[in-house]
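Here is the structure we will look at.
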Amino acid sequence: MECEANVAWASAYALLGLLCLAILVTRWTPFGSRALDLRSVLLSLAGCWFGRRAERSNRVLAMMPAAASANVFSSPLSTCRAERPPQGKPDTTLHRPLAETLDRVNDGFVAFDPEMNYTFVNRRAGELLGRNPEDLIGKNYWTEYPEAAGSTFAEAYLRALETLQPMVIEDYYAPFDRWFENRIYPSESGLSVFFSDITDEKKLREALRQSEEKFRTVFENSPDSIIVTRVSDGLTVEVNDRFSALTGYAEEDAIGRRFDDLNLWANPDDLRAVTGRLHETGRVRDFEFERKLKNGQIRNAQVSVARCLIDGEPHLIWTVRDIHDRKLAELALQAARDQLERRVAKRTEELEEANDAMKAFVYSVSHDLRAPLRAINGFAEILAQSHRADLDDEGQHFLDNIVQASGRMRRLIDDLLAYARLGTSAIRNEPVLVADLIAEIVGELRPRLDKLHACVDIAADLPPLIGNSTLLRGVFLNLIENGVSYNRPEVPPRVEIGWTRDDGHVTIHVRDNGVGIPAEHMDKIFRVFQRLQSADDHPGTGIGLAIVRRSVALLGGDVWVESQVGEGSTFFVRLTEVPG
Amino acid sequence: MNPIARILMVEDNPMDVELALHAFREIRLRHEIQVVTTGIEALDALFGHGEFADRVRYPLPDLVLLDLNLPGVDGFDVLRRVKSTPVLKRLPIVILTSSREDGDRALSYDMGANSYLVKPITFGDFVDVVHRIERYWLSLNVGPPEVAG
């Protein structure tokens, strides 16, 4: 009877050993083909025993009815070890190899009796627990690891013992600062626990989870459509909500269909270009194309494509941005710009026309007015010379008036035309030899100067200035003429022309000893037709200074005056000096 | 003593013509003056056409005073025609105009005008100009050899 019982124990013991081996070996990856052979043998044996429900280690739980684990890993095992098993072949052949086998395994394996005393500890468990396995045997879990009380693992052990239901748990074990997976197999005679340190795996899983979460967030929240397709068959694997919102194709419409077949491309050439570029360079950046929506509408879009491995398989991630509104805005902006350009061109044309009309007017006035003027003046003078004797004093006086008036009219027309011509043609600024210019003007005025007994002093070394000789001629002619015209009675006019230099500019002054300008009129003198003296006293036209000011302004310079009534006036003209 | 010269004056404005003739009288011009009032007449006179075909009666002038502002065929047309005709082009042509415009001056010289004078408005100045024309062009200046008509 005892023999039979022993045999029964031994065979159950052996089979369970086989079972354990089966479990361990399937998780026993580094041992290669040998393990596989062993595994298949053991599994088939185990399968025979358990009625072929064991295919994979994951099914271990299912194939572990309480009965199968009954009473095996409690005292009999420790008893076996302690007692040196009897000569019965089953236990001697398996006892040491099993222990050795278990020692070689990567997972920690411990066994407890129902009071949670350690009945078996493999080498790996010893490593993970930081204890010598032999020291732990017989010790109690609660006394050895009081800090474990209340932990998920401890609770699980207790629950397993209570319910006799196997379980797998994963948790962070604070005392060791590591994550463990425990596969707990209870029976009435105790508990078997396979545990492994899954910290690294956990970290990896966590990192992967976070990465996936990041991707998921981007995927779901992107303002652009994102489509994931598989390279091997071109099928659409995933689309984000935005894709559906923008294109009108629901997720069901797209997933599982070839991306090309979705008819999103208004021009097939575009798709060909994109796939071509993908083949060449492996990615596409900001390719503009026309996207066709489900409702047939065509909108401008921009696509970027990149390769990506998902589950080891090449995929493509397509990001499509709707740029239709932007393009419309760009077109509108361009249209507005074009329109503005056209308006500017038209306005310029109008201005040029007005300018041409003005020039034509100036030209025509120049001629049409002068001819009758010549006649008036001419015949009046002839009368005055040749027929003076025929006229009485009054007649002669009237004639003199006509001559004088026509003379004024001529000067008026000349000045008016000169002023009107200012700024009608482009002024080209160039170096002007001012010294020569002023000498020339004085030479021309010589008859007049002599008549007035006027004298003009020109300072030496007047430097060349940047300007326009025609305009400058007008400026200095008027200033010098004014200088000699507005003289004090009985005082011979004296005009002095000098200059000073400052910071790249030269200021020329024309100083006279004439009547001077009253302070209250200073701001008015540069205006057109502004005259401070009566026509009889001084033959100005009132336009001379207006010409001066306008000309200097056109040259980019400055003109101003200082004056003292009864002493004279000084006009200053500041222009740029010729560099170097 | 210089021989009597012939001046052809081309001027459309009758008052200007009158003033000019008066001015010439003032300076006691010895030379002959012929006045035509249109460009066509000027061309006829110079090319010996129409009423001017009789070269004995209307020989070529020694000096032309040419206004630019003529109706129809204007001074430029006359100038261009004359200065592009092989023999006539030697004829001294003095532009006498009221225009001081750069454009008119440039064109005149480009077309070969021998001189460019601006008519002064004041009669006294005009007499002075006329006097100088006579002194320079008909006394000082040595004209081209016989210009065959």
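Taking the fewest neighbouring Cβ atoms within 10 Å as the starting point, the ordered list for A:Arg388, A:Arg421 is A:Arg388, A:Arg421. Which of the three applies to the stretch A:193-247, rounded, prolate or oblate, going by the alpha-carbon gyration tensor with a ≥ b ≥ c and a/c under 1.5 meaning rounded? Prolate shape, in that a/c is at least 1.5 and a/b is the bigger ratio. Tell me, what is the FRET efficiency for A:Ser386 and A:Asp414 to the nearest 0.05, using R0 = 35 angstrom and their Cβ-Cβ distance as r? My answer for the efficiency is 0.80.
Amide H contacts for B:Leu91 (H built 1.01 Å from N in the peptide plane; partners 5 or more residues away or on another chain; cut-off under 5 Å): none found. Residues of the stretch A:375-391 with an amide N closer than 20 Å to a point placed 7 Å from the Cα of B:Leu21 along the Cα-to-Cβ direction: A:375-387. Each Lys or Arg adds one and each Asp or Glu subtracts one; over the other residues with Cβ under 12 Å from the Cβ of A:Ile198, this totals -3.
Protection proxy ranking for A:149-159, B:88-98, using the average of other Cβ atoms within 10 Å per residue and placing the highest first: B:88-98, A:149-159. The H on the amide N of A:His505, modeled in the peptide plane, is under 5 Å from the matching H of A:Glu577, each at least 5 residues off or on a different chain. Using R0 = 51 Å, the C-beta based FRET efficiency linking A:Thr163 and A:Ile310 works out to 0.80. Applying 0.36 nm per residue to the separation of A:Ala154 and A:Gln210 and subtracting their alpha-carbon distance, the gain on full extension is 17.2 nm. Ranking of A:Lys203, A:Lys294 by neighbouring Cβ atoms within 10 Å, starting from the fewest: A:Lys203, A:Lys294. Over the stretch A:136-249, the ratio between the Cα radius of gyration and 2.2 N^0.38 Å evaluates to 1.72. Listed by chain and number, the lysines whose alpha-carbon sits under 25 Å from that of A:Lys327, ignoring those within fewer than 8 places in the same chain, are A:Lys292, A:Lys294. The fewest-to-most ranking of A:His505, B:His22, A:His387 by surrounding Cβ atoms within 10 Å reads A:His387, A:His505, B:His22. In terms of packing, defined here as the mean over residues of other Cβ atoms within 10 angstrom, the peptides A:403-415, A:113-125, B:50-62 line up highest first as A:113-125, A:403-415, B:50-62. With a 10 Å cut-off around each Cβ of B:95-101, the average count of Cβ atoms from other chains is 3. Can you list the lysines whose alpha carbon is less than 22 Å from that of A:Lys202, not counting same-chain residues fewer than 8 positions off? A:Lys202 reaches A:Lys214.
Using a/c under 1.5 as the rounded threshold, could you call chain B rounded, prolate or oblate? The axes a ≥ b ≥ c are square roots of the C-alpha gyration tensor eigenvalues, and prolate needs a/b larger than b/c, oblate otherwise. Rounded, because the longest to shortest axis ratio a/c is under 1.5. For the stretch A:198-294, the alpha carbon convex hull comes to 132 Å³ per residue, rounded to a whole number. Computed extension gain for A:Val365 through A:Ala250, at 0.36 nm per residue and net of the alpha carbon distance, reaches 33.3 nm.
Under 5 Å from the amide H of A:Trp179 lie the amide H atoms of A:Tyr173, A:Ile198, A:Thr199, each residue being 5 or more positions distant or on a separate chain, with H modelled from the backbone and absent for Pro and chain starts.
A Cα-only calculation for the stretch A:211-357 places Rg and Dmax at 21.5, 81 Å. Grab the beta carbon distance between B:Asp128 and A:Arg342, set R0 = 60 Å, and tell me the FRET efficiency rounded to 0.05. FRET efficiency, B:Asp128 to A:Arg342: 0.60. Classification of the stretch A:390-442 by its C-alpha gyration tensor yields an oblate form. The axis ratio a/c (a ≥ b ≥ c) is 1.5 or more, and b/c is at least a/b.
Every number here is computed from the coordinates shown, using simple stated rules; none is lab data. Computed from a predicted model, the values in this text were never measured in an experiment. Don't worry about glycine lacking a Cβ; one is built from the backbone with ideal geometry, like all the others, and counts go over all protein chains shown.
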